[in-house]
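S.K.: Here it is: the structure, laid out below.
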Amino acid sequence: MNLNNNYKMQYAAMPEGNAIQSSSLGAKKVVLGFSGGLDTTYCVKYLSEDKGYEVHSVIVNTGGFTNEELNKIEAHAYKLGVKTHTTVDAVKSYYNSIVKYLIFGNCLKNNTYPLSVSAERLSQALHIAEHVKKINAVAVAHGSTGAGNDQVRFDMIFNIVIPGVEIITPIRDLKLSREDEISYLKSKGVDMNFDKAMYSINKGLWGTSVGGKETLNSKGILPEEAWPTQVTETGMSNLELGFIKGELFTVNGEKFDHPVLAIQKVQSIAGPYGVGRDIHVGDTIIGIKGRVGFEAAAPMIILKAHHALEKHVLTKWQLQWKDQLAQFYGNWMHEGQILDPVMRDIEAFFINSQQNVTGTAFVQVQPYRFVVTGIESEFDLMNSKFGKYGEMNNGWSGQDVRGFSKIFGNQTMIYHQVLANSRES
């Protein structure tokens, strides 16, 4: 795998849960990215009973599952007949290799969406690919349909990291409807809840997506009951977010060993206020537009607080180039191009830009809204020693500014003078 040192370190020694490397004589091994839902449940039965594969399921937790949920998914997988099931705890590696840079870049897709699902799919694909190599599987499978972004993200990562390994996508290739899948599973004696939930929910460390009938059209907002986190707080909370070189390590004075824990703390405080809810309208990789609801209390607050701190401690040209690079970085990430070497180049710029992004941002949180009220930092460039905006200056004289203004506009003055002379002639 031709990855730089950062990605080699992140994915070379990942926890592999209860993986077993035994194999049935002559059986072809396939690694299936497994969530326990209808699509991946179908994949297990189809691959094992219809196609004769030895199925090794793997679920990659990027912050969206409790231990109880993971245990239920494991039990479900074994009941379906998988040879082994592996649970990968990828929350910290997901932060270290992806989320951290989304914060450094203040990345929001179309100035709205914190790239919740698109970012975690890449982490999941990388871990699944590593599991394929670990057990020496001949094929890898996922339950994506042919209508969304995930199929491209998974396929692209697999083609790059495990070239030559067959990619099997039963739902996409067989063009199966939900009814087709249910009928097939019932014929196989699978006992599970086939009732379709009114809303499709995907939860992770960096936000939760919510899809429903209201997001299938260009007009409509999700009703209150559709949001996974209900509003239970009515007053106001003050948050003090402490950053060290761009990473969040303290919340209201409480220090955390890893930023993941700080993010989870912010979410536990701000989520019940209903902040960070919105509808994202975006262009899919395959060229169609779509809408999806999302709630991301912690990501939205952290991004805005981090950006406020940056606006005080970075120069204007650092901010401008960061904005330009971040827009490209977020878009390219969304489209699955995490392994493009240009992403490592941009990440290097981001890291260097964060050397003075240390300080505290202050945030007021109320139901459905929040506001960043200010920052404190030893690197704050808004320093009264050098002048007060709109009031007085200490570092220059009025005559200095008079001369500067004349020189600063000199070339444009010459342009307009020449233009005026040419018209007169």
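The values are calculated or read from the model by the stated rules, or taken from the named source; none is laboratory data. Not measured: the values here are computed from a predicted model. For neighbour counting, all protein chains shown are included, and Cβ atoms are generated from backbone atoms with ideal geometry for every residue, glycine included. Surface accessibility is based on the protein's heavy atoms, side chains included, excluding ligands, DNA and RNA. Shrake-Rupley method; radii C 1.70, N 1.55, O 1.52, S 1.80 Å.
S.K.: For segment 70-80, state whether one or more residues are among the small types (Gly, Ala, Ser), free of Cβ contacts under 8 Å to residues at least 24 places away in the same chain and surrounded by fewer than 20 Cβ atoms within 10 Å (Cβ to Cβ).
M.R.: Checking segment 70-80: at least one residue is among the small types (Gly, Ala, Ser), free of Cβ contacts under 8 Å to residues at least 24 places away in the same chain and surrounded by fewer than 20 Cβ atoms within 10 Å (Cβ to Cβ).
S.K.: While we're looking at this one, here's another question. With 129, 137, 125 as the choices, which residue is buried (at least 20 other Cβ atoms within 10 Å of the Cβ), of a type in the set (Gly, Ala, Ser) and more than 26 Å from residue 328 (Cα to Cα)? Break it down stepwise before answering.
M.R.: Numbers: 129 fails: more than 26 Å from residue 328 (Cα to Cα); 125 fails: more than 26 Å from residue 328 (Cα to Cα).
Within the list 129, 137, 125, the selection yields 137.
S.K.: Next question. Applying the selection to segment 297-336, what residues are open to solvent by 10 Å² or more (accessible area, probe 1.4 Å), touching a strand residue (DSSP E or B) at 6+ places or on another chain (Cβ under 6 Å), over 27 Å from residue 227 (Cβ atoms) and among the hydrophobic types (A, V, I, L, M, F, W, C)?
M.R.: none
S.K.: May I pose another question? In segment 146-161, how many residues are without any contact (Cβ under 8 Å) to a residue 40 or more places away in the chain and among the β-branched types (Val, Ile, Thr)?
M.R.: So the answer is 0.
S.K.: OK, next. Being open to solvent by 40 Å² or more (accessible area, probe 1.4 Å) and farther than 30 Å from residue 321 by Cβ: is that true of residue 200 here? Break it down into steps so the answer makes sense when it comes.
M.R.: Details: open to solvent by 40 Å² or more (accessible area, probe 1.4 Å): yes; farther than 30 Å from residue 321 by Cβ: yes.
Spelling it out, residue 200 is indeed open to solvent by 40 Å² or more (accessible area, probe 1.4 Å) and farther than 30 Å from residue 321 by Cβ.
Yes/no matrix, rows are residues, columns are (1) among the aliphatic types (A, V, I, L, M); (2) in a strand (DSSP E or B); (3) out of contact with any Pro (no Cβ under 8 Å at 6 or more places or on another chain):
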{"residue": "209", "(1), (2), (3)": "no, yes, yes"}
{"residue": "222", "(1), (2), (3)": "yes, no, yes"}
{"residue": "242", "(1), (2), (3)": "no, yes, yes"}
{"residue": "257", "(1), (2), (3)": "no, no, yes"}
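S.K.: Looking at 301, 263, 286, 269 in this structure, which one is out of contact with any Pro (no Cβ under 7 Å at 6 or more places or on another chain) and modelled with pLDDT under 95?
M.R.: Being out of contact with any Pro (no Cβ under 7 Å at 6 or more places or on another chain) and modelled with pLDDT under 95 holds for just one of 301, 263, 286, 269, which is 286.
S.K.: Right, something else. Residue 351: touching a Gly at 6+ places or on another chain (Cβ under 9 Å), hydrophobic (A, V, I, L, M, F, W, C) and open to solvent by 60 Å² or more (accessible area, probe 1.4 Å), yes or no?
M.R.: Values: touching a Gly at 6+ places or on another chain (Cβ under 9 Å): yes; hydrophobic (A, V, I, L, M, F, W, C): yes; open to solvent by 60 Å² or more (accessible area, probe 1.4 Å): yes.
Yes.
S.K.: Would you check which residues across segment 153-191 are under 23 Å from residue 125 (Cβ atoms), open to solvent by 70 Å² or more (accessible area, probe 1.4 Å) and part of a helix (DSSP H, G or I) and list them?
M.R.: Matches in segment 153-191: 159, 160, 173.
S.K.: Looking at residue 248, is it aliphatic (A, V, I, L, M), assigned to a strand (DSSP E or B) and over 21 Å from the mean Cα position of the chain (by Cα)? Spell out how you get there, then give the answer.
M.R.: On the way: aliphatic (A, V, I, L, M): yes; assigned to a strand (DSSP E or B): yes; over 21 Å from the mean Cα position of the chain (by Cα): no.
When the stated conditions are applied, residue 248 does not pass them.
S.K.: I would also like to ask the following. Give the residues of segment 243-278 that are touching a residue at least 40 places away in the same chain (Cβ under 8 Å), buried (at least 21 other Cβ atoms within 10 Å of the Cβ) and within 25 Å of residue 351 (Cβ to Cβ), sorted by residue number.
M.R.: Across segment 243-278, the qualifying residues are 243, 246, 248, 259, 263.
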